[in-house]
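The values are calculated or read from the model by the stated rules, or taken from the named source; none is laboratory data. Predicted model, so just to flag it, every value in this text is computed and none were measured. Every residue, glycine as well, gets a Cβ built from its backbone with ideal geometry; the counts of neighbours run over all protein chains shown.
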Amino acid sequence: MKIAMIGGGMVGQTLGAGLIAKGHQVTIGIRNPVASELAKPRNYAEPLADWQARTGARVATFREAATGADIVFNVTSGLVSLEALRAAGAENLADKPLVDVSNPLDFSNGMPPFLPAALTEHTSVGEEIQKAFPKALVVKAFNTVSAPVMVEPSLIPGGPDLMIAGNSAEAKAQVTALARDFGWQSVIDLGDIAGARGTEHMMPIWLRLFVQGGSPLVALKVVRG
């Protein structure tokens, strides 16, 4: 499949490389893919020029990446996701799975980040994306674990749970199939896109577990009695 990554940070690079390894054609979209931008160091990720050389994949504009893609991943910060997706073009998001991996974490005051009320009090980033792009098939997924675990869940002993939410059963089935290819054994469907509120609100405690434990290889697991 042709897959677009809207965002070129660690998550986009990791998911993109993982999907390429599974035989998919991936394009990373960023705002301005000029040579000087591709050469810049990126937080916790390699320069996109190096990622391109390593994977053989393409880096393009948001719109170019989304055009013709079968599935689009939003891997931007939740605070700027709507802006980036508008740049990708609503027509390029319609009638296809739009996998929202973002979290509305505001680091403007340093660590720990906070969840801004506008995106969390009565809504979520996933819901706001669905409202802004009603023809897109938004699926919230992969946002409760670190990037390495997204593509290699076996890094967590016992295997973590992947939680997904979205209005389209067909789109969730497609995302689940991609997750199964990465080795995810447990996929928990939280129902419609309002389920994104739960997974986004998990992130402050996940970050505490990460910082206090000294490793991002941590996940929350559902245990039923």
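What to note about this one:
- Tally of residues being closer than 22 Å to Ala69 by Cβ, among the aliphatic types (A, V, I, L, M) and not in a loop (DSSP other than H, G, I, E, B) across segment 110-149: 7
- Residue count, segment 164-178 (criterion: within 10 Å of Gly191 (Cα to Cα), touching a helix residue (DSSP H, G or I) at 6+ places or on another chain (Cβ under 8 Å) and either touching a residue at least 40 places away in the same chain (Cβ under 8 Å) or not β-branched (Val, Ile, Thr) (or both)): 3
- Checking each residue in segment 150-168 for being closer than 12 Å to Leu220 by Cα and crowded, with 22+ Cβ neighbours inside 10 Å picks out Pro160, Leu162, Met163.
- Inspection of segment 191-213 identifies no residue that is more than 16 Å from Thr120 (Cβ to Cβ) and touching a helix residue (DSSP H, G or I) at 6+ places or on another chain (Cβ under 8 Å).
- Per-region count, segment 64-89, residues surrounded by fewer than 18 Cβ atoms within 10 Å (Cβ to Cβ) and touching a Lys or Arg at 6+ places or on another chain (Cβ under 7 Å): 4
- Condition check for Thr144 on (1) over 12 Å from the mean Cα position of the chain (by Cα); (2) in contact (Cβ under 8 Å) with a residue 24 or more places away in the chain; (3) surrounded by 14 or more Cβ atoms within 10 Å (Cβ to Cβ); (4) farther than 20 Å from Thr27 by Cβ: one failure, at (1).
- When residues of segment 78-109 are limited to those that are free of Cβ contacts under 8 Å to residues at least 12 places away in the same chain and assigned to a loop (DSSP other than H, G, I, E, B), the one nearest to Val145 (Cα to Cα): Phe107
- Cross-chain or 6+ apart pairs with Cβ under 6 Å, segment 112-134 first and at pLDDT below 90, then buried (at least 22 other Cβ atoms within 10 Å of the Cβ) and in a helix (DSSP H, G or I): Leu119/Val125
- When segment 186-208 is limited to residues that are out of contact with any strand residue (DSSP E or B) (no Cβ under 9 Å at 6 or more places or on another chain) and exposed (fewer than 14 other Cβ atoms within 10 Å of the Cβ), the one that is farthest from Asp95 (Cα to Cα) turns out to be Arg208.
- All positions within segment 139-185 that are within 15 Å of Val11 (Cα to Cα), in contact with a strand residue (DSSP E or B) (Cβ under 6 Å, 6 or more places away or on another chain) and charged (D, E, K, R): Lys140
- On the stretch given as segment 12-52, residues that are modelled with pLDDT of 95 or more, among the aliphatic types (A, V, I, L, M) and either in contact with a Gly (Cβ under 8 Å, 6 or more places away or on another chain) or under 16 Å from Val175 (Cα atoms) (or both) total 7.
- If you go through segment 62-77 and keep only what is part of a strand (DSSP E or B) and over 13 Å from the mean Cα position of the chain (by Cα), you end up with nothing.
- Asp100, sole failed condition from (1) out of contact with any helix residue (DSSP H, G or I) (no Cβ under 8 Å at 6 or more places or on another chain); (2) acidic (Asp, Glu); (3) closer than 18 Å to Thr14 by Cα: (1)
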